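Chemist: I am attaching a structure below and will ask some questions about it afterwards.
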Amino acid sequence: MNHSRRRLATIGGLAFAATLALSACSAPNDSVPGEGGSGERELTPVKLQLQWLPQGQFAGYFAAVDQGYFEEEGLDVEIIPSGGDIVPQDALANGDVDYAIAWVPKVLGSIEQGANLTNIAQIFQKSGTLQVSWADSGIDSVADFEGKKIGSWGFGNEWEIFAAMAAEGLDSTTVQIITQDFNMNAFLQGDIDAAQAMTYNEYAQLLETPNPDTGELYQPEDFNVISYEDTEGAMLQDAIWADTERLESDEEYQDTTVAFLKAVVKGWIYAAENPEQASEITIAAGSGWGPSHELWMVNETNKLIWPSPNGIGVIDEAAWDKTVAGALSAVNESGARLITEEPPATAWSNEWIQRALDELEGDDLDLTGEGFEPIEVELQEGGN
Amino acid sequence: MTDTGVRETSAVTDAAAMTPARDIRPPRRPGGPGRVRRGFAQWAWGLAGLLVVVLVWEGYKLLGPADGVVVGGARVLPRTTDLAMPHVWEMIGRLAEPVTRSPSAQPLWLVVALAALTTLGIAAAGWLVGVVVGVGLALVMQRWRIAEWGILPWIVLSQTVPLIAFAPVVKSWGSRVEIGAFEWQDWMSVALIASYLAFFPIAIGALKGLQSPDRIHTELMQSYAAGYWQTLVKLRLPAAVPYLLPALRLGAANAVIGAVVAEVSTGLQGGIGRILIQFAGQASGDPAKAWGPIFGAIVLGLVAAGSVALLGVILKDYRRTEEAA
């Protein structure tokens with residue numbers, strides 16, 4: 001009697017554990033977007049690896065999914081966010097995904113290490129990196145960096161700093177690079193003299209923080225802002241990368257690439273014309289930022305993309321050469337270099353984006369962003 | 001069942017079992033007033049401990065220097081600013097508020113709770129795999145000495161592989177696994193990493209437990225002409241329980257840590273690891289918010305360890321003593 005009851009309890013306990021495990025099997029499944037749902041037409045599955053968590057920086061891709069642009073092109077696109085340790089260009093080179101979003105200097109490093117990748121669309125035409133210091137710090141330009149505590153996230157995000165310093169003839173080994181966290185607390189608390197900040201994210205984080213002295217939010221006047229776009233260190237950022245070998249030999253991949261780029265272009269045009277909706281779409285896609293921060297992000301990202309005089313995504317050879325020159329000249333604080341020789345000619349190609357733009361020509365779309373007007377975004381405390 | 005030990009039985013409660021209870025206590029009658037009082041005292045002490053933490057936090061925040069304590073260039077005590085150490089009531093109050101100003105936003109506590117549940121499910125799956133693999137390895141190692149010599153160093157070595165190197169590889173492999181209708185899901189990579197951390201203490205604890213019966217007992221079984229399986233079921237498994245339970249609890253804690261870190265590492269959406277970094281990015285403008293997921297992770301660990309304690313209740317007749325794994 002006693003024994004059988006104990007056995008029952010054991011079985012009950014095991015069943016409980018099994019239920020827990022099974023609930024693990026089913027629960028996260030429901031949250032995976034874009035599974036199945038292929039209509040009458042057979043859609044080509046495509047995986048796109050982002051550089052970071054879903055956020056306004058990638059609004060155009062989420063808009064292209066939400067607005068059905070990918071589906072119109074016969075694609076079923078799965079957008080894969082990155083976490084701390086997923087390097088987009090590595091995932092692409094390994095064949096885990098079909099396309100990846102990554103900064104140009106980081107991929108140049110990977111290409112020199114042997115990755116065979118091609119930049120097929122330069123979405124961001126300008127660099128969005130800033131170096132922010134306090135207004136009274138005396139750091140007004142890159143020339144003032146020597147001997148200072150300079151913040152950076154590392155992982156290849158630091159090369160613009162060193163390229164800009166190299167262009168000024170400064171000794172990069174005098175700076176102390178402090179690795180920045182996900183937020184601006186280290187700067188706000190004085191551990192960093194000049195912190196790295198993206199126009200679309202960390203700079204907004206500062207402007208969302210209450211100033212303990214006044215009780216009001218910090219204002220732009222409180223900071224000195226150095227924009228790398230104005231320096232020799234400016235490097236190209238968010239670009240779409242593809243597998244070089246497949247681009248050369250796989251016809252299906254070539255067609256998919258053009259179709260993919262067409263939908264991406266439409267997605268970014270949508271984000272330019274409807275920043276509020278694009279921001280909401282991004283939040284619905286799993287971005288955790290508050291509405292005001294997200295909208296700021298979409299708006300600032302738009303400013304980095306538009307106008308694109310040659311058409312969105314077309315790689316400006318001068319900007320590419322400047323990026324390569326910067327990457328070649330940059331020496332980091334421990335004396336290491338990003339690349340030592342020019343990247344191969346296959347590292348970029350305007351062939352695919354040009355084909356996509358040509359196919360979109362008659363569609364009454366503003367492909368160069370002539371009529372683009374940024375909006376005014378008012379940031380709320382905490383970005384909420 | 002078989003009474004293998006010579007030590008006296010005592011009803012060990014779960015809280016007491018956290019530390020090896022080697023003392024011999026007079027058996028208590030279950031359900032007596034003493035037990036109720038003891039249960040109450042345990043809760044009271046638990047709450048008192050929590051209160052002490054709150055008091056230390058607020059006390060240091062009130063009296064500590066704003067810039068923390070720096071010794072030889074290294075900060076040994078944190079800053080006391082609101083940015084670094086929000087008030088306890090602010091952190092708790094923030095939990096009740098919506099995550100963002102968005103009209104569809106849920107309260108922070110609910111978001112944290114849902115994320116914690118997702119992670120708990122993944123960790124539970126990883127833990128179960130860890131139990132199967134760990135106990136399986138222990139059985140093999142106990143059965144064949146040569147297997148112990150051959151496998152044990154590898155098990156120890158396996159834990160020296162840093163997660164940061166391991167996680168992308170697992171994710172990369174996973175994205176290529178597709179067998180028939182079965183397609184590898186991203187959460188499975190996370191569960192696999194959780195199981196990788198969980199199986200280690202379980203394998204070691206189970207092996208130690210299976211080897212724990214004294215020679216006199218195994219020889220007794222031999223004199224009964226009991227075979228390997230009979231000895232295993234009647235002697236070794238019951239004897240392994242006191243070693244296994246702490247190992248399972250360690251495994252559960254490892255599985256939770258593994259799941260959270262692997263979520264961050266692989267960028268899995270929906271779990272507590274994800275909102276941990278998401279809200280950390282918002283900690284400049286909203287310092288209290290970043291603590292929400294941290295509390296969630298703590299509760300998660302407690303729930304995981306508590307679930308294993310439930311197993312201990314079921315197996316209480318085998319728990320004469322508890323050895324640290």
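Chemist: Considering only residues that are surrounded by 24 or more Cβ atoms within 10 Å (Cβ to Cβ) and within 12 Å of chain A (Cβ to nearest Cβ), which ones fall in region B:293-309? Explain how you work it out, then say what you get.
Modeler: Looking only at region B:293-309, we keep the residues that are surrounded by 24 or more Cβ atoms within 10 Å (Cβ to Cβ), and these are B:293, B:296, B:300, B:304.
Correct list: B:PRO293, B:ALA304.
Chemist: Right, another one. Name the residue, out of A:ALA115, A:ALA164, A:ALA91, A:ALA121, that is at pLDDT 95 or above and either over 21 Å from A:MET297 (Cα atoms) or of a type outside the set (Lys, Arg) (or both). Reasoning before the result, please.
Modeler: Working: A:ALA115 fails: at pLDDT 95 or above; A:ALA164 fails: at pLDDT 95 or above; A:ALA91 fails: at pLDDT 95 or above.
From the options A:ALA115, A:ALA164, A:ALA91, A:ALA121, the qualifying one is A:ALA121.
Chemist: Inside region A:171-201, can you point out the residues that are within 12 Å of another protein chain (Cβ to nearest Cβ) and assigned to a loop (DSSP other than H, G, I, E, B)?
Modeler: A:GLN180, A:ASP181, A:PHE182, A:ASN183, A:MET184, A:GLN189, A:GLY190, A:ASP191, A:ASN201
Chemist: Just a yes or no: is a residue in region A:280-291 closer than 30 Å to B:ALA290 by Cβ, touching a strand residue (DSSP E or B) at 6+ places or on another chain (Cβ under 9 Å), among the hydrophobic types (A, V, I, L, M, F, W, C) and surrounded by fewer than 24 Cβ atoms within 10 Å (Cβ to Cβ)? Walk me through how you get there before you give the answer.
Modeler: If we filter region A:280-291 for residues that are closer than 30 Å to B:ALA290 by Cβ, which is where we start, we get A:280-291.
If we keep only those that are touching a strand residue (DSSP E or B) at 6+ places or on another chain (Cβ under 9 Å) as well, we get A:285.
With the extra rule that they be among the hydrophobic types (A, V, I, L, M, F, W, C), the set shrinks to A:285.
Okay, now just the ones that are also surrounded by fewer than 24 Cβ atoms within 10 Å (Cβ to Cβ), so A:285.
Yes, the conditions are met somewhere in region A:280-291.
Chemist: Mind listing whichever residues of region B:271-282 are small (Gly, Ala, Ser) and more than 16 Å from A:GLN55 (Cβ to Cβ)? Can you show your working first?
Modeler: To start, the set of residues in region B:271-282 that are small (Gly, Ala, Ser) comprises B:271, B:273, B:280-281.
The answer is B:GLY271, B:GLY273.
Chemist: Ok, one more. Is one or more of the residues making up region B:213-224 in a helix (DSSP H, G or I) and aromatic (Phe, Trp, Tyr)? Spell out how you get there, then give the answer.
Modeler: Within region B:213-224, the first condition is being in a helix (DSSP H, G or I), and the residues that meet it are B:215-223.
Filter once more, so that each one left must be aromatic (Phe, Trp, Tyr): none.
No, that holds for no residue.
Chemist: Restricting the search to region A:314-351, which residues are of a type in the set (A, V, I, L, M) and closer than 17 Å to A:ALA239 by Cα?
Modeler: Residues of region A:314-351 that are of a type in the set (A, V, I, L, M), as a first pass: A:314-315, A:318-319, A:324-325, A:327-328, A:330-331, A:336, A:338-339, A:345, A:347.
Those that are of a type in the set (A, V, I, L, M) and closer than 17 Å to A:ALA239 by Cα: A:VAL314, A:ILE315, A:ALA318, A:ALA319, A:VAL324, A:ALA327, A:ALA345, A:ALA347.
Chemist: Note down all Cβ pairs under 7 Å where the first residue falls in region B:64-93 and is within 11 Å of chain A (Cβ to nearest Cβ) and at positive phi, the second is part of a loop (DSSP other than H, G, I, E, B) and charged (D, E, K, R), and they're at least six residues apart or on different chains.
Modeler: Close Cβ pairs (under 7 Å, with a partner that is part of a loop (DSSP other than H, G, I, E, B) and charged (D, E, K, R)) amount to B:GLY68/B:ARG79.
Chemist: Can we say B:SER158 is farther than 20 Å from B:LEU302 by Cα, within 11 Å of another protein chain (Cβ to nearest Cβ) and among the polar types (S, T, N, Q)? I'd like the intermediate steps shown before the answer.
Modeler: On the way: farther than 20 Å from B:LEU302 by Cα: yes; within 11 Å of another protein chain (Cβ to nearest Cβ): no; among the polar types (S, T, N, Q): yes.
The answer is no for B:SER158.
Chemist: Then there's this: Looking at region B:269-292, which of its residues are within 8 Å of chain A (Cβ to nearest Cβ), hydrophobic (A, V, I, L, M, F, W, C) and in a helix (DSSP H, G or I)?
Modeler: B:ILE275, B:ILE277, B:PHE279, B:ALA280
Chemist: Sort through A:GLY267, A:GLY215 and tell me the only one that's within 30 Å of B:LEU276 (Cβ to Cβ) and either surrounded by fewer than 23 Cβ atoms within 10 Å (Cβ to Cβ) or free of Cβ contacts under 8 Å to residues at least 12 places away in the same chain (or both). Show your work before the answer.
Modeler: On the way: A:GLY267 fails: either surrounded by fewer than 23 Cβ atoms within 10 Å (Cβ to Cβ) or free of Cβ contacts under 8 Å to residues at least 12 places away in the same chain (or both).
Sole residue among the options that is within 30 Å of B:LEU276 (Cβ to Cβ) and either surrounded by fewer than 23 Cβ atoms within 10 Å (Cβ to Cβ) or free of Cβ contacts under 8 Å to residues at least 12 places away in the same chain (or both): A:GLY215.
Chemist: Any residue in region B:251-268 that is more than 9 Å from every other protein chain (Cβ to nearest Cβ), under 17 Å from B:LEU207 (Cβ atoms) and buried (at least 22 other Cβ atoms within 10 Å of the Cβ)?
Modeler: Yes, the conditions are met somewhere in region B:251-268.
Chemist: Next up: When you look at A:GLY114, is it surrounded by fewer than 17 Cβ atoms within 10 Å (Cβ to Cβ) and at positive phi, yes or no? Spell out how you get there, then give the answer.
Modeler: Working: surrounded by fewer than 17 Cβ atoms within 10 Å (Cβ to Cβ): yes; at positive phi: yes.
Against the criterion (surrounded by fewer than 17 Cβ atoms within 10 Å (Cβ to Cβ) and at positive phi), A:GLY114 qualifies.
Chemist: Do you know which of the residues in region A:331-364 that are surrounded by 16 or more Cβ atoms within 10 Å (Cβ to Cβ) and assigned to a loop (DSSP other than H, G, I, E, B) is nearest to the other protein chains (Cβ to nearest Cβ)?
Modeler: A:GLU333
Chemist: Filter region A:130-170 down to residues that are hydroxyl-bearing (Ser, Thr, Tyr) and assigned to a loop (DSSP other than H, G, I, E, B) and give me whichever is nearest to the chain's Cα centre (by Cα).
Modeler: Residues of region A:130-170 hydroxyl-bearing (Ser, Thr, Tyr): A:133, A:137, A:141, A:152.
Of the ones still in play, those that are also assigned to a loop (DSSP other than H, G, I, E, B) are A:137, A:141.
On the way: A:SER137: 30, A:SER141: 26 Å.
By that ranking, first place goes to A:SER141.
Chemist: Please enumerate the residues belonging to region A:88-105 that are within 14 Å of A:TRP52 (Cβ to Cβ), touching a residue at least 60 places away in the same chain (Cβ under 8 Å) and within 11 Å of chain B (Cβ to nearest Cβ).
Modeler: Here is the first cut: in region A:88-105, the ones within 14 Å of A:TRP52 (Cβ to Cβ) are A:88-89, A:91, A:100-103.
Subsequent filtering for residues that are touching a residue at least 60 places away in the same chain (Cβ under 8 Å) retains A:88-89, A:100-103.
Result: A:PRO88, single match.
Chemist: Picking from B:VAL6, B:VAL52, B:VAL70, which residue would you name as being over 27 Å from B:LEU250 (Cβ atoms) and either at pLDDT 50 or above or not in a loop (DSSP other than H, G, I, E, B) (or both)?
Modeler: On the way: B:VAL6 fails: either at pLDDT 50 or above or not in a loop (DSSP other than H, G, I, E, B) (or both); B:VAL52 fails: over 27 Å from B:LEU250 (Cβ atoms).
Step by step, each of B:VAL6, B:VAL52, B:VAL70 is checked, and only B:VAL70 is over 27 Å from B:LEU250 (Cβ atoms) and either at pLDDT 50 or above or not in a loop (DSSP other than H, G, I, E, B) (or both).
Chemist: Also, quick follow-up: Looking at (1) more than 8 Å from every other protein chain (Cβ to nearest Cβ); (2) in contact with a helix residue (DSSP H, G or I) (Cβ under 9 Å, 6 or more places away or on another chain); (3) acidic (Asp, Glu), which one does A:GLU216 not meet, given that it meets all the others?
Modeler: If we test A:GLU216 against (1) more than 8 Å from every other protein chain (Cβ to nearest Cβ); (2) in contact with a helix residue (DSSP H, G or I) (Cβ under 9 Å, 6 or more places away or on another chain); (3) acidic (Asp, Glu), just (2) comes out false.
Chemist: Could you list, in sequence order, the residues of region A:204-253 that are in a strand (DSSP E or B) and within 24 Å of A:VAL314 (Cβ to Cβ)? It would help to see each step written out before you state the result.
Modeler: So in region A:204-253, the residues in a strand (DSSP E or B) come out as A:210, A:217, A:223-227, A:239-243.
A:SER227, A:ALA239, A:ILE240, A:TRP241, A:ALA242, A:ASP243, listed by residue number.
Chemist: I'm told B:TRP173 meets every condition in (1) surrounded by 15 or more Cβ atoms within 10 Å (Cβ to Cβ); (2) within 14 Å of chain A (Cβ to nearest Cβ); (3) not aliphatic (A, V, I, L, M) except one. Can you identify the failing condition by its number?
Modeler: (1)
Chemist: Something else: For region A:123-138, enumerate the residues that are out of contact with any Leu (no Cβ under 6 Å at 6 or more places or on another chain) and either surrounded by 19 or more Cβ atoms within 10 Å (Cβ to Cβ) or on the phi < 0 side of the Ramachandran plot (or both). Write out each step before concluding.
Modeler: Pass one, region A:123-138, residues out of contact with any Leu (no Cβ under 6 Å at 6 or more places or on another chain): A:123, A:125, A:127, A:129-138.
Passing the criteria: A:ILE123, A:GLN125, A:SER127, A:THR129, A:LEU130, A:GLN131, A:VAL132, A:SER133, A:TRP134, A:ALA135, A:ASP136, A:SER137.
The values are calculated or read from the model by the stated rules, or taken from the named source; none is laboratory data. Everything numeric here is computed off the predicted structure, so don't read it as measured data. Every residue, glycine as well, gets a Cβ built from its backbone with ideal geometry; the counts of neighbours run over all protein chains shown.
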